[in-house]
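Below is one structure; the comments refer to it alone.
The values are calculated or read from the model by the stated rules, or taken from the named source; none is laboratory data. On a predicted model such as this, the values are computed, not experimentally measured, just so you know. Counting neighbours? That spans all protein chains shown, and the Cβs are built from the backbone with ideal geometry, glycine included. Please note that ligands, DNA and RNA were not included when accessible areas were found on the heavy atoms of the full protein model with its side chains. Shrake-Rupley method; radii C 1.70, N 1.55, O 1.52, S 1.80 Å.
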Amino acid sequence: MARPAPLLTLRNALGYLFILKELIIYQTRLVLDMAKFVFVTGGVLSSVGKGILTSSIGKMLQARGYTLSVVKIDPYVNVDAGTMNPYMHGEVFVTDDGGETDLDLGHYERFLDISIPKFNNITTGQVYASVIAKERKGEYLGRCVQIIPHITDEIKSRIKSAAKMAGTDVLLVEIGGTVGDIESQPFFEAVRQMRLEEGFENTLFVHIALVPILDVTKEQKSKPFQHSVQELRRIGLQPDILVARCRDPMEEAVKKKISLFGSVPLDAVFTSYDAESIYQVPLELDKQGMGNYIVKRLCLKDGKPEWDPWVSIAKSFMKASKVVRIGMCGKYTKLADSYVSITEALHHSAAKVGVQASIEWIETTKFEEDTSAVCTLDQYQGIMVLPGFGARGTEGKIMAINYARENKKPFLGICYGFQLAIVEFARNVLGYAGADTTEVSPGTKYPVIDFLPEQKTIGVMGGTMRLGAYKIILEKGTLAYKLYGATEIYERHRHRYEVNPEYWKALEQSGLVLSGWSPDKKRVEFMEHPGHPFFLGTQAHPEFKSRPGRPSPPYLGFVEAAAKLVT
Ligand code: GLN
């Protein structure tokens, strides 16, 4: 007679323990209201649209009533984006709390209408800096400090802290770079471990990669996609959802191939195809069933999404027939991403006004080489002088400002553009020959723009500018006040220089209006020229707070004024 199977073998004891552990995790999550995690990775090439996909996932969850925050992981060794050239890496996005972060945080803020803290931009530099600091303090007590577990523990603890700080239902985590990058490895390993720790139904991996279309055969090619999923699996990550970035919707046969080789169900494969505006992308993905799939997979309560407000916002971005041409004078004009918050603020404004903004880049060095070329500015309905640093192109920018002021062209000067508008006025109206910012001419006789007092003693470059949101008081009866409709506003900043107090009086006496101040009246924040249809400069960067459907007031006023010139 066969012996009855023992009730408690080692094997089923382990099984019971596992179920118990899962039960405890599940209960604790319910009681502590812990976040679910969605990780977004990318393959084949960079700039494949991870930022827009992450934002769109957020939007789909928001439409279903869920709260969320977002973390961006940047695997480079810099501590933050502040010291990186925008020409190489795109815009430096400034957060309310003064972080100099990756431009994707701007996409998240704009799509989701949330404010993201600087802590949510994790870099290799930060992770190593804190592990090394702990090692020096003796916190590892004689142990050998290693990538696994010490670096990966630090990464996990940062992600989990971000979730705790946000206190939201879901935390989205976008891993920058491409699967296979050497720098990304510890981050992929950390999130692999997080699936074990947080549980299957609390973590979701979404992978996006390019599906190119060959010009000759017009065929959609899935092989690079398959390879990038294989690379993910090689490091222990099985994606749950696959998103193909493709010009057109994906053909069924290609989708089936990706599902089969990627080892995910067919209804977990989606296409992010070219849309008329980026704000259309969440709607397109949700139509394919992505929102419902995510909610189900994360064991969240499903409900009918509320899209109405977003649909009308997205619709306002559909191409309008009236085109407003904006001339953009800047230094990093070869990479449109260098000024992405500014171009978005212009598009938000154009959508509100019901026109289309044609954003055209101008290298101002060409005015320096041939002064008569300034007249070409006539073709634009509005002129912007963009934020920037250093001497290159500044004389040309000052010429453009002069043109806008004298020819009554709508003008918007942001940060450096504001400072150079002060220089232009000092030179051409006050008659201060050679007036300048000390950033360009340290020995100028008329330093109308000079170091902020606290900057004079600063020796290190990283994170030391005047950064983040500060209160500004607007003078009643000015253009700035009219635009904002309030005397107290908050805008974000990123600068080392400002209007020199010694020249305030002379500027004002000659008719320039200083219309916005810091609350202690020690700093100028806005300037304008009364009598001009629209001439506004600000030390701040209002573009960082512009939202689709709720454009930044200076940008809206500027585009409105420019639109009036279109016949
Ligand atoms: N270079 C100027 C400053 O540091 C302007 C900076 C900017 O445009 N963000 O003050």
Note to self: Suppose R0 equals 60 Å. What FRET efficiency, 1/(1 + (r/R0)^6) with r the Cβ-Cβ distance, do residue 200 and residue 371 give to the nearest 0.05?
What the structure shows: 0.35
Item checked: Extreme residue, positive dipole direction of segment 448-538, given options 461, 537, 500 (C-beta unit charges) -> 461
Item checked: Dipole of segment 95-151, positive direction: furthest Cα of 123, 106, 144, with charges on the beta-carbon -> 144
Check: What's the angle, to the nearest 10 degrees (0 to 90), between helix 394-406's Cα axis and the longest principal axis of the chain?
Finding: 60
Next item on the list: For segment 186-340, report the accessible area per residue in Å² (1.4 Å probe, heavy atoms, rounded to an integer).
Entry: 46
Next item on the list: Tell me the label-point distance for the pair residue 248, residue 522, using the 7 Å Cα-to-Cβ offset, in nm and rounded to one decimal.
Entry: 6.3
Item checked: For the chain: rounded, prolate or oblate by the Cα gyration tensor [a/c cutoff 1.5] -> prolate
Checklist line | FRET efficiency estimate (nearest 0.05) - Cβ-Cβ, residue 567 to residue 475, R0 25 angstrom | finding: 0.15
Next item on the list: Scan segment 74-151 for GluC sites (Glu not before Pro) in coil per DSSP, keeping those whose Cβ has at most 13 other Cβ atoms within 10 Å, and list them by number.
Entry: 139
Notebook entry, point to check: If you place +1 on the Cβ of every Lys and Arg and -1 on the Cβ of every Asp and Glu, how big does the dipole about the Cα centre of segment 159-312 come out, in debye to the nearest 20?
Noted result: 460
Notebook entry, point to check: Between 413, 204, 390, whose Cα lies farthest towards the positive end of the dipole of the chain when Lys and Arg beta carbons carry +1 and Asp and Glu beta carbons carry -1, centred on the Cα centre?
Noted result: 204
Note to self: With a cut-off of 8 Å between alpha carbons and a minimum separation of six or more residues, what is the relative contact order of the chain in percent?
What the structure shows: 14
Margin query: Helix-only estimate, please: 222 nm mean residue ellipticity of the chain, summing -39500 (n - 2.57) across DSSP H runs of length 4 or more and dividing by its residues, to the nearest 500.
Written below: -11000 deg cm²/dmol
Check: For segment 411-567, what is the convex hull volume of its Cα atoms per residue in Å³?
Finding: 130
Checklist line | Net lengthening on full extension, residue 114/residue 391 (0.36 nm per residue, minus Cα-Cα) | finding: 96.2 nm
Next item on the list: Determine the share of segment 275-412's accessible area contributed by carbon and sulfur atoms, expressed in whole percent, with a 1.4 angstrom probe.
Entry: 52
Notebook entry, point to check: What whole-number value in Å² describes the accessible area per residue of segment 444-567 for a 1.4 Å probe?
Noted result: 43
Next item on the list: Write down the percent of antiparallel bridges among all DSSP beta bridges whose residues are both part of the chain, to the nearest 5.
Entry: 30
Checklist line | Size of charge dipole - the chain - debye, nearest 20, with Cβ of Lys, Arg +1 and Asp, Glu -1, no other charges | finding: 1160
Notebook entry, point to check: Between residue 83 and residue 18, what length comes free when the chain is fully extended (0.36 nm per residue of separation minus the Cα-Cα distance, one decimal in nm)?
Noted result: 18.6 nm
Note to self: Take residue 490 and residue 45, extend 7 Å from each Cα along the Cα→Cβ direction, and tell me the distance between the two endpoints in nm.
What the structure shows: 4.0
